[in-house]
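Let me begin by presenting the structure, written as structure tokens, before commenting on it.
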Amino acid sequence: MNDILPGDVETWQFLEQKAREVFGTYGFSEIRTPVVEKTELFCRSIGETTDIVEKEMYTFGDKSNNSLTLRPEGTAPVMRAFIQNRLHALDPVNKLYYMGPMFRYERPQKGRYRQFHQIGAEVIGVENPMIDAQVLAMLHHYFCAIGIETVELQVNSLGCPDCRPGYREALITFLESRLDALCGDCQRRYLTNPLRVLDCKVPGCKESTQGAPSVLEHLCGGCEEHFSDVKKHLGALQIPFVINARMVRGLDYYVRTTFEMVTDKLGAQSAVAAGGRYDGLIESLDGPALPGIGFAIGVERLALMKGDERVQAPRPDLFLAAMGDEAAEKAFVLMSQMQRVGIRAEMDYQGRSLKAQMRRANKLAARYTLILGEQELVSGEAELKDMDQSSQQKIRLDELIARMGVLRASA
């Protein structure tokens, strides 16, 4: 787990604000859920044979012997909140987004931590493949908005409960012929969760599953038509994508459309966003039989991709340098008045020398400085110095706030 410090947090704020702007344009509203849920929620939704449930969840008992878990992902909690608060009764179509910390006990690696953060979005109540394309268009729009274009959209279809069993049997038969070449985890789970073997990162498993049957060859007519329509709509929106027939998701609730945004900038773990359809999830959690689709973005990985393109903290509009107690009191009042009208103002609180105060103004990169001393208090005027242009002008103290407002607006 890591701290996000000043100097880095501004980049995070930028990523979060852009998400609010872009998602809001597409009609999404923010939802916030607790970081702790009943363990049963994740076992029922994610799947008991997934790595997340078997190995990675932070689970504990409370004083009433309830089994609780720090949320390892965001979709299941959003669905729980959707069902519990009967949001479908307010509107048959819900577009929701969230952002916040998730928790998984996994091996830390580049851009991944045991407490990590996600920005995610969910659409509930629309089966039309147009919504799949719109969600992917919004994801593409977001990456463009934050200035990250070195990503590739990969899409696949995992079929549905009607056609997946046939693929599952074909895949199990294929894996049995190569069982000795699989790692211990894959040997253990190839019968219970064979799709996960295709996603194993162990080199031997990758090599031995080359030539595995493709899920796309086993789609039923409905799934094939749905996937064809998704691709057609993406083409109409001019969203670039590639087909990745080996793509599977680590969560059991995904059906039909699945997708990832991948990059070659972060090593082997290349996905920075991922998601898909989960049409049966809400019903399996005792909610209405409504379809859904969504995605999650790893914020740590986004921040890592931004690299040296740090978003600078806002610089002060004005630094007030005061000489003497009376001038410091006046500077303090002026600073407070300006802050209340949205002007970023700073001053020195230590009574240091003028030279030391000006060094502080330079360190903060203040746009303007104003020196207040006994003479300025008597005359009611002071020199306002433009630190960028190395120019200065006289200004009346009773006009300072109005003048700074104009200067800030014109910046």
Being in a loop (DSSP other than H, G, I, E, B), of a type in the set (A, V, I, L, M) and at pLDDT 95 or above narrows it down to one residue among 78, 135, 126; which is it?
126
Considering only the stretch 259-273, state which residues are charged (D, E, K, R) and modelled with pLDDT of 90 or more.
260
Within the stretch 109-118, is there a residue that is in contact with a helix residue (DSSP H, G or I) (Cβ under 8 Å, 6 or more places away or on another chain), modelled with pLDDT of 95 or more and either buried (at least 17 other Cβ atoms within 10 Å of the Cβ) or at positive phi (or both)?
yes
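Listed here are the residues, each with its yes/no results for (1) at pLDDT 95 or above; (2) more than 17 Å from residue 330 (Cα to Cα); (3) surrounded by 12 or more Cβ atoms within 10 Å (Cβ to Cβ).
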residue: 364; (1), (2), (3): no, yes, yes
residue: 370; (1), (2), (3): yes, no, yes
residue: 392; (1), (2), (3): no, yes, yes
residue: 398; (1), (2), (3): no, no, no
Given the conditions (1) surrounded by 13 or more Cβ atoms within 10 Å (Cβ to Cβ); (2) β-branched (Val, Ile, Thr); (3) under 27 Å from residue 134 (Cβ atoms), every one holds for residue 172 apart from (3)
For the stretch 3-24, what are the residues that are of a type in the set (S, T, N, Q) and either without any contact (Cβ under 8 Å) to a residue 60 or more places away in the chain or in a loop (DSSP other than H, G, I, E, B) (or both)?
17
Which of the numbered conditions does residue 238 fail, given that it passes all the others? Conditions: (1) in a loop (DSSP other than H, G, I, E, B); (2) of a type outside the set (Lys, Arg); (3) without any contact (Cβ under 8 Å) to a residue 40 or more places away in the chain; (4) closer than 21 Å to residue 280 by Cβ.
(4)
Return the residues of the stretch 352-411 that are in a loop (DSSP other than H, G, I, E, B) and of a type outside the set (Lys, Arg); say none if nothing qualifies.
353, 364, 365, 366, 373, 380, 387, 388, 389, 390, 411
Give the residue, chosen from 192, 209, that is exposed (fewer than 14 other Cβ atoms within 10 Å of the Cβ) and either touching a residue at least 24 places away in the same chain (Cβ under 8 Å) or of a type in the set (Ser, Thr, Tyr) (or both).
192
So which of 146, 119, 131 ends up being more than 16 Å from the chain's Cα centre (by Cα) and aliphatic (A, V, I, L, M)?
131
For the stretch 66-123, what are the residues that are aromatic (Phe, Trp, Tyr), out of contact with any Lys or Arg (no Cβ under 7 Å at 6 or more places or on another chain) and farther than 20 Å from residue 261 by Cβ?
82
Inside the stretch 304-322, can you point out the residues that are closer than 20 Å to residue 341 by Cα and surrounded by fewer than 17 Cβ atoms within 10 Å (Cβ to Cβ)?
313, 314, 315
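The values are calculated or read from the model by the stated rules, or taken from the named source; none is laboratory data. Treat the numbers as computed from the prediction; the structure is a model and nothing was measured. Because the Cβ atoms are built from the backbone with ideal geometry, glycine has one as well, and the counts that use them run over all protein chains shown.
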